[in-house]
Structures are given as structure tokens and as C-alpha cells.
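*Asks:* Here it is, the structure in full.
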Amino acid sequence: MASQASAVKVPSWPTRLRQMFANEKAVAYLFLLPSLIGFVTFYAVPAVRGLFISFTDWNMLSDPTFVGLENYQELVVDDDFWDALLVTLSYVLWNIPIQTLLAVLIAVMMDRLTRSIIVRGIILLPWLMPNVVVGLLWLWMLDPRLGIVNVGLETLGLDSIPFLGNPDYAIASIAGINVWRHVGYTALLVFAGLQTIPKSIYEAASIDGANDWQTFWGITLPMLRPVLAFVLVTSVIGSFQIFDTIAITTQGGPINATEVINWLIFEQAFERFNMGYATTVSVALFLILVVVSIIQMRLLRADETD
Amino acid sequence: MANSTAQAQFRGPTRIVMWVVMGIVIFITLFPFWWVVRTGLTVPSRVFTDTAALWPADFTIDNFLRVLGFLDTTAAVEAGGSGQALKFFLFLRNSFIVSTLITVGQVFFSATAAYAFARLKFPFRDQLFFLYISALMVPGIVTLIPNFVLINNLNLTDTFIGIVAPYFLMTPFAVFFLRQFFLGINKDLEEAAMLDGANYLTIFFRIILPVSKPPILTLAIITFIQSWNEYLWPLIVGKDEGVRVLTVALGIFRSQTPQGAPDWAGLMAGTALAIIPTIIIFMLLGRRVLDSIQFTGFK
């Protein structure tokens, strides 16, 4: 009798577990816990800590010393920072327009020419490759003496171009390499956008006698605006953070011609161990990206649909 | 199947011109891959002389054997290479361990979190979700340095745990992506199961997960490929050979090659080997990757 009574008061483990799994809040907390630990440990706390480190002078060997806004004052007058920002901007300005225009062209071709899954697969292939692989293969293809691109130019009777070896060409060449890697992915996003345009609109236009060129400017492009806005905002954010390709090919050179913001941060943090200053630059990059994104959203009216 | 989507087709001469342009695009996309293989299959000395040969000038598989460590160094140096080896199988194994751990952990724990956000009620749910989403805006480099400091303080550099940790429990994107899908699942099944006395755990494992197989697989493929391609994080926390992944290994291989006369044949053989796993995954699951691109546009 006594044992039975206690069994009622204190349910057995399986019963208690079952009760817990029927409790909405308990399950919610249980399910959320791992991701919350991950979020707090590797996103939330580091973001705050990054901000904190940017107010210190710290080489990781001794304790950080609080220096207030000193790093930020240094940043404002640091030529290296402004140079890096200019180099990054010039990379973005080479990369984004070419990539986006080509992507729209390829997407329209896929839409109006062939929907073959094999063609789409080929187009996407470079995007699936590690940046390291892409960097290595173009480093070889663009080699000033032996690379096939320059060998080809010479065969055509043209002068060879020191793509990655000349400060005047280096950043545009890096941008070109990344256009090669990203254009297929972007084209597939645009292609997906094209699929949402109702066929009836094209039919109506063709009854009115519109040609390919007119339907492109009159229908396709305006209807694509939301997709294009999304593609532009995300690819500009990504473009500002270029690192891998430069780490593999030019490493900031020749003569700082490819010293982009992320390369500057990497050097400051992991080669000179100026943790405070490195995080200051990273906070600045974050603020720049916020401003750039807001401007883009405004210009593209990205939050509105037609 | 008749579909109602845009079917405007190029016709007449425009169509021919457009096919030519498309042909050029496909050529530019594929040619570099051939050039990697072609260079890797050429005897190193001939790489420097027969620069325009479209086919390996002097066919050999020695570069591959050497990079894999199957060829002793003196023979390789005699053949004109730098004799550098790449412990390919070790680094392949490391890449595999890292990518698999990240994929399994991230997808599973993001799925449980996404289910909580999509279906369960708890205080501050929407605020917390908003916090998760806002982390998508923060550039990776901002959290990179503090994360490195953390992993370093915990003495976890040069361990698989250290390389995997930041991606193992969640990424904001994975939670967002799966929540979006879970929200679209019809609630009838769950409600019927509830009436039959099923608890939330049963519903998650018996209903939600099985119904969500396609998006979960999609997320898993994308997560795997991205972990496989990751460079900067494993570069700063995992240089040690025991945990070095392929991308980092290739970077080091490149930096060690002689500056004046780089070992292009060896480098390209290594590059070709690094490409193979991705190509295999893509051949097996390519259709799913392609179909998912419109979904995952968020990246």
C-alpha cells in the first residue's frame, strides 16, 4: 500500500519525461537551448566583446589596457585605413556592376533559350568551388609569362598583361576572378525571379507587337526589381568582405594595391597582434555596411513590391 | 507539364546569336577546370615550355602521385617539380570530419530551434527571433577576432572542437531558413496527433522532420559545401597538420612553392584533387542544389 501511494506522489522517470514533453514551454526551452548557447557564445557575446576590445590596446600577451576612443581617433587619421577603404570600394565597383549585368544576361538567356538542368549545373559550378581553389587556378591562368590567358593574348598579337602583378590591374583582376565564381549563382537567383513573371504579360505584349528588346525593358526588368534589389544588397555586402581570393593570390600587394579592409584587419590582428585596432576597423566596416545597405534599400525601394 | 511562367522565347536570328553568347559563357566557365587537369597531367618541365598546348604536352600522372605522397621526393625533383607533397588523404579526412560535424550539428540543433520558433509559445519568442535574424547583418570579421580569442583562451586551437564550435550549434541563417519552412507546414496533422495524445517531442520527430526532408537535405548540402570551402576560420584556429583542412593545406602549399618558378604542375594536381569531392556531391545531388537556389537566396 505504502509503495503504491508513493508511486502516485512521485511518478516514475518515464512518466515525468512524458509529462515534460507534453509541456509546451519546457519543450520550447529544451529545443532552443543548444542554439541559444551557440548564439550567445559565438554571436551575441563576441559582438559585444568586439566592441569592448576596440576600446583597448591589446596584443593578447598582456592584459588589455583601456584606451577609450584612441583607436577610433587613430583610425580617422590612418592613411592605411582610408587606402584600404578606397581599394575595397574600387573592388566593389569593378565587381558588382559587371557581375550583375552578366548575371541578368545569362538568366535571360537561360529563360528564353534553354532551361536545361545541365546548362544550369555548369553555370553554377564555379560557385561551388572553394575560393582557395578559384584563386589558385586563376593565379595560374593569369600568370604573366606562362598563363594561358597571356599566351592567348600574345598569339593574337597583343601585349601580355601583368594582371595580378601590376598595381594598376590587380584589383580589377581580383574582381574579375570573383565575377567568374559568383556570376552563375547570381544568374540563377535572377532566373528564379524570371520564373515568377506571369506568361500572360508577355503574351499581351507580343499581341501588341513588342519585340524582345522592348519586352526586356518594358516587362522583364521592372518585374525583376525586387529580386535585383535583393541580389544587389546581399552581393554588395558580400563584396565588401572580400578576403580569401586576395589571401591566396596577391596578399594585399603589389604595393598595397589589393590591401582591402578585411586584409588590413587580418594583418593587424593575426600578424601584428594589434587586437584593439583590428576590431576597431571591423566595427568601422560594420557601420559602413549598415549605411551602404540603408542607402541601397532607399535607392532600390527594396522593401516595396510592384 | 504546362506551366504559367514566362515562356517568351528568343526566335530567329536572335536565337542563334544568343546561343553563340551562351556557348562562350559555358566555355569560359568550364575551360579553367580543364586547364587545371591538363596542367596537373603534364610533366613539370613541359609546363614551362609548351604553354599553349591544349592537351598535356607530355602526359604523366606523377604529379598526382607525388602530391598524394606516393612518389619519393628525389624522383619528383628529377622530373622537374619542387618535390613538394601534400598529405592529401590526411587533409581530406580532416575536411570531411569538420564538414560532417558542422552539418549534422548545425542542421539538427537549428531544426529544433526553428520548430520552437515556428510552433511553440514561450515568453519573448519574437524578440529572440529578431535578435537571431539581426545577427545576419553583422559581418563575419566582427565576431571572428573575439571568437578566436575565446577559442584560444579555452586552449582549443588546433582541435576539431575549436574549428567546428562556432558553426556546430546554429547559424542564424539555418534557423531562419528552417523556421520559414516549418511555418508553411499544415497544422492539421499535428493537431490530430495532439488529440491522439502525442507530445511535442513525438510531433517533432514523427511529423515535422519527416515532412521537412527536402528543405533539411537542401540545408545540409549547402552547409556541407560551405564548411568544405571555408578558409579564414580554419586558417587562424587550425594550422596544425592533424586538423588542417584541405583549403588551408592548399593555401600553405601555395605559399611554400618557390617564388621564381612555382611548381604549377604540383599545385594544379593538388587543386584538381581538391575539386573532386565537390564535383561528386554535385553530380549526385545537383538537381536539389539547383532547385534550392531560389530558396536560399538569403546568403
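*Asks:* Quick one: A:N256 ticks every box in (1) farther than 15 Å from B:V142 by Cβ; (2) of a type in the set (S, T, N, Q); (3) in a helix (DSSP H, G or I) except a single one, so which number is it?
*Replies:* With respect to (1) farther than 15 Å from B:V142 by Cβ; (2) of a type in the set (S, T, N, Q); (3) in a helix (DSSP H, G or I), A:N256 is out only on (3).
*Asks:* Mind checking whether some residue in region A:182-199 is within 21 Å of the chain's Cα centre (by Cα), crowded, with 21+ Cβ neighbours inside 10 Å, farther than 27 Å from A:V260 by Cβ and modelled with pLDDT under 95?
*Replies:* Yes, region A:182-199 contains at least one residue that is within 21 Å of the chain's Cα centre (by Cα), crowded, with 21+ Cβ neighbours inside 10 Å, farther than 27 Å from A:V260 by Cβ and modelled with pLDDT under 95.
*Asks:* More than 14 Å from chain B (Cβ to nearest Cβ) and surrounded by fewer than 16 Cβ atoms within 10 Å (Cβ to Cβ): is that true of A:D79 in this structure?
*Replies:* Answer is yes for this residue.
*Asks:* Quick one: which of A:I197, A:I219, A:I265 is within 11 Å of chain B (Cβ to nearest Cβ) and either in contact with a Ser or Thr (Cβ under 6 Å, 6 or more places away or on another chain) or without any contact (Cβ under 8 Å) to a residue 12 or more places away in the chain (or both)?
*Replies:* Unique residue meeting the criteria: A:I265.
*Asks:* Go through (1) assigned to a helix (DSSP H, G or I); (2) at the interface with another protein chain (Cβ under 9 Å from one of its Cβ atoms); (3) polar (S, T, N, Q) and name the single condition A:N178 misses.
*Replies:* (2)
*Asks:* A:A187 is checked against (1) away from chain B (no Cβ under 11 Å); (2) of a type outside the set (D, E); (3) in a helix (DSSP H, G or I); (4) within 19 Å of A:V134 (Cα to Cα) and fails just one. What number does that condition carry?
*Replies:* Result: A:A187 fails condition (1) only.
*Asks:* Is it true that some residue in region A:122-130 is surrounded by fewer than 18 Cβ atoms within 10 Å (Cβ to Cβ) and closer than 20 Å to B:G286 by Cβ?
*Replies:* yes
*Asks:* Do we find that A:G68 is surrounded by fewer than 24 Cβ atoms within 10 Å (Cβ to Cβ), more than 13 Å from every other protein chain (Cβ to nearest Cβ) and either farther than 29 Å from B:I145 by Cα or more than 24 Å from the chain's Cα centre (by Cα) (or both) in this structure?
*Replies:* The answer is yes for A:G68.
*Asks:* Hey, another quick one. Listed residues B:L250, B:L219, B:L209, B:L178; which is outside the structural domain of B:T103 (by TED's automatic domain parsing) and closer than 25 Å to B:F282 by Cα?
*Replies:* Every option except B:L250 fails the conditions.
*Asks:* Quick check on my filter: what residues within region A:165-178 are buried (at least 17 other Cβ atoms within 10 Å of the Cβ) and either among the charged types (D, E, K, R) or out of contact with any Ser or Thr (no Cβ under 9 Å at 6 or more places or on another chain) (or both)?
*Replies:* Matches in region A:165-178: A:Y169, A:G176.
*Asks:* Among the residues in region B:109-122, are any at the interface with chain A (Cβ under 8 Å from one of its Cβ atoms) and touching a Gly at 6+ places or on another chain (Cβ under 6 Å)?
*Replies:* Within region B:109-122 (the criterion being at the interface with chain A (Cβ under 8 Å from one of its Cβ atoms) and touching a Gly at 6+ places or on another chain (Cβ under 6 Å)), the answer is no, since none of the residues qualifies.
*Asks:* Considering every residue within region A:127-134, establish whether at least one is without any contact (Cβ under 8 Å) to a residue 12 or more places away in the chain, aliphatic (A, V, I, L, M), facing another protein chain (nearest Cβ under 10 Å) and under 29 Å from A:G218 (Cβ atoms).
*Replies:* Looking through region A:127-134, none of the residues is without any contact (Cβ under 8 Å) to a residue 12 or more places away in the chain, aliphatic (A, V, I, L, M), facing another protein chain (nearest Cβ under 10 Å) and under 29 Å from A:G218 (Cβ atoms).
*Asks:* Select from region B:191-234 the residues that are of a type in the set (S, T, Y), over 25 Å from B:I161 (Cα atoms) and in contact (Cβ under 8 Å) with a residue 60 or more places away in the chain and write down the one among them that is surrounded by the fewest Cβ atoms within 10 Å (Cβ to Cβ).
*Replies:* Filtering first and then ranking leaves B:S212.
*Asks:* Which ones in region B:134-154 are loosely packed, with under 14 Cβ neighbours inside 10 Å and more than 8 Å from every other protein chain (Cβ to nearest Cβ)?
*Replies:* B:S134, B:N153, B:L154
*Asks:* Which one of these is among the hydrophobic types (A, V, I, L, M, F, W, C) and surrounded by fewer than 23 Cβ atoms within 10 Å (Cβ to Cβ): A:I246, A:I237, A:I261?
*Replies:* After applying the criteria, what remains is A:I237.
*Asks:* Out of the residues in region A:82-115 that are among the aromatic types (F, W, Y) and in contact (Cβ under 8 Å) with a residue 24 or more places away in the chain, state the one that is surrounded by the fewest Cβ atoms within 10 Å (Cβ to Cβ).
*Replies:* Ranking the qualifying residues of region A:82-115, first place goes to A:W94.
*Asks:* Quick check on my filter: what residues within region B:250-269 are over 19 Å from A:D244 (Cβ atoms) and in a helix (DSSP H, G or I)?
*Replies:* Listed by number, the residues that qualify are B:W264, B:A265, B:G266, B:A269.
The values are calculated or read from the model by the stated rules, or taken from the named source; none is laboratory data. The structure presented is a predicted model; accordingly, all values stated were derived computationally and were not measured. Quick reminder, even Gly has a Cβ in these numbers, built from the backbone with ideal geometry, and neighbours come from all protein chains shown.
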